[in-house]
Amino acid sequence: MDTDSTHVRLSAIGIVAISLFLALFMRLWFLQGIDRQAFEAASVSNRVRVIHEEGPRGRILDRNGKILVDSETSIVVSLDREPLRKMKESERNTVFVSLADTLQQLGVPTKLSLIEKRFADLRYAPQEYVPIADDVDPSVEIYLMERAERYPGIIVERKAIRSYPYGNLAAHLLGYVGEINEKELVERGGKLPGSESPATTAPSASAPTTTAGTGSAKGSTASDSGARVTDYRLGDSIGKGGVERSYEADLRAVPGERTIEVNAKGDLVDVLSLESPVVGDDIWLTIDIDLQAHAERLLAAKIQDLRGRRDKQNNRLNAPQGSVVIEDPQNGQILAMASYPDYDPSVTVNGISQEQWAAFNDPNSGLPLVNWALQGAYAPGSTFKLYTAFAGYNSGYLNGGTEVVNDPGVYTIENCKGDKCEVRNAGSTPHGTVNMARALTVSSDVYFYKLADKFWNLTDQYGPTPIQDAAAEFGLGSKTEIPLAGENPGRLPTPASRKAAFEARPDLFMTGDWRSGDNINTSIGQGDVLATPLQLVNSYATFANGGTRYQPQIVTKVTRPRDLTLPANDPANYELIRQVEPVVQGTVQIQPDQYGKIYDGLLGVTQSAYGTAAASWQASKTAWPMAGKTGTAQVSKKADTSLFAAWGPAGTGVPAQYAISVVIPESGFGGEVAAPLAFRIMAPLSFGALLPACPTSDQDACAAAAEQAASASGNDVTSGAPD
């Protein structure tokens, strides 16, 4: 019995053993035979990587072909997380600690916590390389390459980053680049990690990659940039502001792609295929960098000189910001756009730290990232009288019998009851008998008070908004559509907008009704009226050219370079992709005789002995007469905003070549601050005596010449007409 039982048990064990060996044999046969191709494919996939290579962005040039923004090579230390993940945690930590210590000793402050955070960063695809140190010295690259076995998973690559030959000049207009975020990636048609095959950007430290300056020229068949904007990856650069943002599709390079074979450590074994990136197109701006530098230098000097002083009412002149815009009235091209304070765009190249971002957004710093020329909106003060004057003629109200007014320095509002029925000129100054031209020259508020009051009392005849309608024809109350992000539309208050504002926030208004006092305030650019410096210069350019309102332009053309080593402005060295033509946005119809009366009044502002800017023009004469209007806008509990808008040549029969606006809040009277600054900017321009802008590499050589030129351009007038 025991023998039979033992035999049965042994037989059963044998059958089980045979079955197990048979199953194992079948599995081995399956692996080696049926599924061999699949496993071979998987093995190849683990050793082959497709690398996304971002090429150099296109250059940004001034109107004469001077390079304002370029690309240069930067050495970047990154993590290859695939081999790092295969290590034991203790081994990986040893690599991280050693790397942090080494970089610190080599002059690249890098915290261990940063490396650990980047290693765990989910924003990057699993096989994508993650940067931890940018723009390192070549000695760091050599050190890590020579000791690659000590730093597995540590990558050294070369990338193209932005460089700024002229430093801070035109920073607001040029903008800056930064790493694309997830929202921008989706908007541009890219895919987030996990939704596509992961991509990386370079091989290991033993074989660094150079991409800057190696991209080829774009194919001549690509007449636009739409096709390339969809191929973005996290870690790529993208325009974040200014021209860099608005012309991203042109400036962005066509990315390249490399297929490489690596070993288990991630070291490069072979390059299987290579498609080089294609350099981005060049953008030619409308600005003249010499004029831009001149305007920025004088604006900054004026603001710094004002700060801490007090006006005649003992208000502190804080002058927190300011702007200057110069436009060609014949086509809308912006020749200079200065905004103060400025910033150094190079600090954004490797990403903006939290501390730097906080400093940029600190109100006490003047918000240097804000382009006050198009994002700042201010009460325009008496510069608004141009539009009120046009409304008087365009409506038909002003004729031979109504154009002449007696100005005793004070005006009593019609049909007004109470103790606030009188409004006055600045300082209650009487101007006697004035017509339209005289009223503009001496800046008679009373003249425009009466006109606005009559309009309101005759709404059945002239409608409720003749003044606002006139201003709108010149472009106020809406964006100019300049191709830059963040433009402020300003504000043109109307009875309808007042009612809507009251209904939305009744706590902010005593009433939702529009009254004669509101019309009166609007007529002289006070009350709820707001305009940007860009709107002012564009509207005065419109009047200067006879009534054609152009869209402000910042780009003249887009070109494709043939050879980056040859001069950028050589026509033989680039292909024209497209020319930017003037765009007419509207036409202001002004009768010649009426135009002449307004023109004479604005010319008298600088050329008449009674003009509010006559003294400052005499101190810094331009080669030809200029016409324009000063403005002084009152701001509650602050010093006045100083404004001036003008053009030249004027009164000579020569077409206007330049329109200019100057706006400095909390700085004083327009005739004493903004107008003198405008003439100091325009004088050397009119005489053809602008100094060349100084590249940062030549700052020492240029500094003395610039200081001498600024001194020779004349001293500011500190007394004179109040407006």
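Taking the stated definitions as given, is VAL76 modelled with pLDDT under 90, out of contact with any helix residue (DSSP H, G or I) (no Cβ under 6 Å at 6 or more places or on another chain), in the same structural domain as ASP270 (by TED's automatic domain parsing) and of a type in the set (A, V, I, L, M, F, W, C)? So VAL76 fits the description; yes.
Give the stretch 270-304 a look and list any residue that's over 30 Å from ASP570 (Cβ atoms) and loosely packed, with under 14 Cβ neighbours inside 10 Å, or say none. Walk me through it before giving the result.
Going residue by residue through the stretch 270-304, those that are over 30 Å from ASP570 (Cβ atoms) are 270-273, 298-304.
Of everything in the stretch 270-304, those that are over 30 Å from ASP570 (Cβ atoms) and loosely packed, with under 14 Cβ neighbours inside 10 Å turn out to be ASP270, VAL271, LEU272, SER273, GLN304.
When GLU666 is tested against (1) more than 19 Å from ALA336 (Cα to Cα); (2) over 29 Å from the mean Cα position of the chain (by Cα), only condition (2) is not met.
Scanning the stretch 545-566 for residues that are crowded, with 23+ Cβ neighbours inside 10 Å and out of contact with any Leu (no Cβ under 9 Å at 6 or more places or on another chain) returns a single hit, TYR550. For the stretch 347-359, a residue qualifies if it is part of a helix (DSSP H, G or I) and buried (at least 18 other Cβ atoms within 10 Å of the Cβ), and exactly one does: THR348. Where in the stretch 541-621 are there strands (runs of 3 or more DSSP E), lying wholly inside it, with at least 1 residues that are among the aromatic types (Phe, Trp, Tyr) and touching a strand residue (DSSP E or B) at 6+ places or on another chain (Cβ under 9 Å)? By residue number, 548-550, 574-579.
It is to be established whether one or more residues within the stretch 337-346 are in contact with a His (Cβ under 9 Å, 6 or more places away or on another chain), surrounded by fewer than 24 Cβ atoms within 10 Å (Cβ to Cβ), assigned by TED's automatic domain parsing to the domain that holds VAL662 and within 18 Å of VAL243 (Cα to Cα). Yes, the conditions are met somewhere in the stretch 337-346. Only one of the numbered conditions (1) in a helix (DSSP H, G or I); (2) of a type in the set (A, V, I, L, M); (3) modelled with pLDDT under 75 is not met by VAL97, and that is (3). Of the strands (runs of 3 or more DSSP E) lying entirely inside the stretch 250-308, those containing at least 2 residues that are closer than 18 Å to ARG158 by Cβ and more than 26 Å from the chain's Cα centre (by Cα) are 256-262, 268-275. Among the residues of the stretch 703-723, not one is at pLDDT 70 or above and either surrounded by fewer than 20 Cβ atoms within 10 Å (Cβ to Cβ) or farther than 26 Å from ALA613 by Cβ (or both). Restricted to the stretch 372-487, the set of helices (runs of 4 or more DSSP H) holding at least 3 residues that are touching a residue at least 12 places away in the same chain (Cβ under 8 Å) comprises 372-375, 385-394, 436-442, 445-457, 466-473. The number of residues in the stretch 423-438 that are of a type in the set (A, V, I, L, M, F, W, C) and under 16 Å from GLY401 (Cα atoms) comes to 3.
The values are calculated or read from the model by the stated rules, or taken from the named source; none is laboratory data. Keep in mind that this is a model prediction, so the values were computed, not measured. With ideal geometry, Cβ positions are generated from the backbone for all residues, glycine too; neighbour counts draw on all protein chains shown.
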